Amino acid sequence: MLVLADDLTGALDTSVKLKTSLNQALVLNSLEDLKMFGTIDLYNKIISLNTNSRNLDQQSAYNLMVEYIENLKDLIGCESDLSKFQVYKKIDSTLRGNISSEIAAFLDTDFVDKIIFCSANPEQNRVVKDGLLYVDGKIVEETPSGRDPFSSVNSSSVVEIINAYRAHNVVHILPNKFGKYDYEDETLKDAIDKNQIISFDAATQVHLWQIVHIYTELSKKNKVLLCGSAGLADALSKEKIFNNKSILVISGSLHPVSMSQMDFLIKKNPSFNHLEYNPKYSISENVMRVIDSFLKIGKSSFRTSSVFNNERKDMINNFWVELGEKLSKIENLILVINGGETASLILKGMGQNVLRIDKEIIEGSVMSWTENKNIIITKSGGFGTSETLHKIIQLTGGEIFDSNNNG
C-alpha cells in the first residue's frame, strides 16, 4: 500500500494508523527513494511518501503529482487492481494545501475513475457538516489553520476547496434520514454513478467507517482513490483488520466489574447471542452450545456466572481448554477474553504458545495475532468500567459492520 502525503507529519501519522504488527511501515522523502522499491515491496509494506507539496502553488503541485503518478504506474503496472494494491491520498484535516490540483492529477492520468473524499477527523474535533468543515466548533476559515501564512484556507466549503484549481465533476453527500451511509441506498448509488468525486459529511467515527465501506464496495468494480485525513486512514485500517471477521466475547472472571461489563455488553448489543455455562450439560455439550451459536450468528458472548467449588473449578478449567481446541479450527475470528486465567486456558487449548503483540486497543486491553491471523484481545477481569467490553466491540467494528445498525 502506498500513502501520498503533502508533508512529513502527514506521512507519519497516516502510516502509523495503517501499520499492524503483521506489516512494515516506511516513510520516504523523495521519488528516487520510491524507485528503489520493487512491486512486491509496494504490495507487502505500508510505504508513505512525503511529496513536500503543501506550500507549492497549485500548478507546481499538479505537475509534481503527475510525475509521481506516472512513475508509480511504471512500478506497479498501469492495469494494477487498486482493490488489491491501494493508494491513499492523505490530505490535511483542515483542508490546507493543494488538494484540488493534486486530485486532478489522479483523474487526468487515468490512474483512477473515482475519488472518495472526506477530510473529517472527528476524534480531533474536525468534522464536516452540511458540506462545511468545522474545527473545534468553528468554520475552518475562522481558525488559526484557516489563517496559516504559508497555506491559508479561503473557504470552509469542501466542494469549493475541491474546485479551487478547476471545476470537477463532484457531488457532496449528506447522511440519510437515519444518520448513516448505506451503500445499498439507490439515491447514493445514483450520485456515485454520475460523479467522479464523491465527498461526504462526517461528524462521527462511525460515519468514517461507513464511508470506507462504500469505498471498499465501489473498488470491486472501479479504480477508486480514497482521499482523506489520518482519521479516515484509521477507519480504513480497522476495516482491513476487522471486517468479515466473527466476534466471540468470553468472560471467565467472577469479579463484580467483569459481571457489570458483561451486563452492559448484553444490553448494548442485542444482535449478539448470549449464553452462560449450564451445569446441566456436560463439558462437551456446553462447548458445542458455544460453537454452534457462534458459527450460526457470528456474534456471540459467553460467561460463567456462578461461584464454583474446587471440583467445579476443575470442570470449568477443562471446559476452557476444550473450547480452545474447537476455536483453534475457526478462521477469521476476533476472540475477546475477559480474565487472565481464562485466557491462558483457552490459548492452551488452541495450542497457541506464541502471540504477536499488536497494540493496546483500549487501556488495559491488548490486541494480538495468532499464527493463523486470528485476533485475540485480552483484558484482566477486574479492570476497566462497565462500558469497557462494549467499547472494545465498538473499536473492532461490532456495531459498524452490522447492516441493521443505524449508526
Of Lys223/Lys296; Lys17/Lys326; Lys45/Lys348; Lys238/Lys296; Lys180/Lys268; Lys326/Lys379, pairs whose Cα-Cα distance is over 29 Å: Lys223/Lys296; Lys17/Lys326; Lys45/Lys348
Identify, among Thr370, Asn273, Leu335, the residue whose Cα sits farthest towards the positive end of the charge dipole of the range 246-395, taking +1 on the Cβ of Lys and Arg and -1 on the Cβ of Asp and Glu, with the dipole about the Cα centre. Asn273
Mean Cβ-within-10 Å packing, highest first, puts peptides 133-139, 256-262 in the order 256-262, 133-139
If you find the alpha carbon centre of the range 183-200 and of the range 153-180, how far apart are they in angstrom? 13 Å
Explain nothing, just the number: dipole magnitude of the range 93-149 about its Cα centre with +1 on each Lys and Arg Cβ and -1 on each Asp and Glu Cβ, in debye rounded to the nearest 20. 200 debye
Evaluate E = 1/(1 + (r/R0)^6) for Ser344 and Glu32, where r is the Cβ-Cβ distance and R0 equals 30 Å; express this FRET efficiency to the nearest 0.05. 0.05
Extension gain from Asp130 to Leu75, taking 0.36 nm per residue of separation minus the Cα-Cα distance: 15.8 nm
Output ³J(HN,Hα) for the range 363-368: one whole-Hz value per residue in order, computed from phi by the Karplus curve 6.51 cos²θ - 1.76 cosθ + 1.60 with θ = phi - 60°, and x for Gly and Pro. 3, x, 10, 9, 9, 9
Karplus couplings for the range 53-62 from phi (6.51 cos²θ - 1.76 cosθ + 1.60, θ = phi - 60°), rounded to Hz, Gly and Pro as x? 10, 4, 9, 6, 6, 4, 5, 5, 5, 4
Nearest 10 degrees is fine. How inclined is helix 230-242 to the longest principal axis of the chain, computing both from alpha carbons? 40 degrees
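With each run of n ≥ 4 DSSP H residues scored as -39500 (n - 2.57), what mean residue ellipticity at 222 nm is computed for the chain after dividing by its residue count and rounding to the nearest 500 deg cm²/dmol?
On the way: 14 runs with 157 residues, N = 407.
Computed mean residue ellipticity for the chain: -11500 deg cm²/dmol.
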Helix 340-350 sits at what angle to the longest principal axis of the chain, using alpha carbons and giving 0 to 90 degrees rounded to 10? 90 degrees
Please give the peptides 218-227, 270-279 ranked by average Cβ packing (other Cβ atoms within 10 Å per residue), highest first, as a rough proxy for protection. 218-227, 270-279
Let me know the shape class of the range 251-296, please: from the alpha-carbon gyration tensor, a ≥ b ≥ c as square roots of the eigenvalues, rounded when a/c is under 1.5, otherwise prolate if a/b is greater than b/c, or oblate. oblate
In order through the range 281-296: 3J(HN,Hα) via Karplus (6.51 cos²θ - 1.76 cosθ + 1.60), integer Hz, x for Gly, Pro: 9, 6, 4, 5, 5, 5, 4, 5, 4, 5, 5, 5, 5, 5, 5, 6
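A short reminder: the numbers here are calculations on the coordinates, not readings from a lab. Just so it is clear, the structure is predicted and the values come from calculations on it, not from any experiment. Glycine gets a Cβ as well: all are built from the backbone with ideal geometry, and neighbour counts include every protein chain shown.
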